[in-house]
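Reviewing the structure listed below.
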Amino acid sequence: QEQLSESGGGLVQAGDSLRLSCAASGTFSSDAMGWFRQAPGNEREFVAAISWSGDTTVYADSVKGRFTMSRDNAKNTGYLQMNSLKPEDTGVYYCNSGIVIGADYYGMNDWGEGTLVTVSS
């Protein structure tokens, strides 16, 4: 099982950008990767995912056109570029490994500790 570590969160203003990173140990290149977020008092929700090859990405409707996933398998790291951030993007962001099938992502329960993103209005 992989160990994942998220980083890159911070406090930004609405309209700003952030890039989150998810560093993985183990055989990262054989797995898809997903990003989820959890706002205070809310359940964890899917944000985006990328296939093991990087050819397929899946996004939640709420972030389409603003967020972009990418990965560098040589560095065992995945990225979430977040542009045009909104206050409703605030939350703890987590990554996990999984598999992309068509337009769906099925994640494993190998969460990192998360990284906090706070977007002020």
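What the table below lists for this structure:
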| read-out | value |
| --- | --- |
| Hits in segment 1-28 - residues which are free of Cβ contacts under 8 Å to residues at least 60 places away in the same chain, in contact with a Ser or Thr (Cβ under 9 Å, 6 or more places away or on another chain) and either polar (S, T, N, Q) or assigned to a strand (DSSP E or B) (or both) | SER21, ALA23, SER25 |
| Residue ID - least open to solvent (accessible area, probe 1.4 Å), chosen from residues in segment 1-56 that are of a type in the set (Lys, Arg) and within 15 Å of MET82 (Cβ to Cβ) | ARG37 |
| Residue list for segment 76-87, restricted to those being touching a strand residue (DSSP E or B) at 6+ places or on another chain (Cβ under 8 Å) and open to solvent by 10 Å² or more (accessible area, probe 1.4 Å) | ASN76, THR77, TYR79, GLN81, ASN83, LYS86, PRO87 |
| Tally, over segment 63-112, of residues that are among the hydroxyl-bearing types (Ser, Thr, Tyr) and assigned to a loop (DSSP other than H, G, I, E, B) | 2 |
| Cβ-Cβ under 6 Å pairs, at least 6 apart or on other chains, segment 103-114 side of a type in the set (Phe, Trp, Tyr), far side surrounded by 11 or more Cβ atoms within 10 Å (Cβ to Cβ) | TYR105/GLY34; TYR105/ALA49; TYR105/VAL58; TYR105/GLY98; TYR106/GLY98; TYR106/ILE99; TRP111/TYR94; TRP111/ASN96 |
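The values are calculated or read from the model by the stated rules, or taken from the named source; none is laboratory data. Given the structure is predicted, the values throughout are model-derived calculations rather than measurements. Glycine gets a Cβ as well: all are built from the backbone with ideal geometry, and neighbour counts include every protein chain shown. Areas reflect the complete protein model, heavy atoms only, side chains present, ligands, DNA and RNA absent. Shrake-Rupley method; radii C 1.70, N 1.55, O 1.52, S 1.80 Å.
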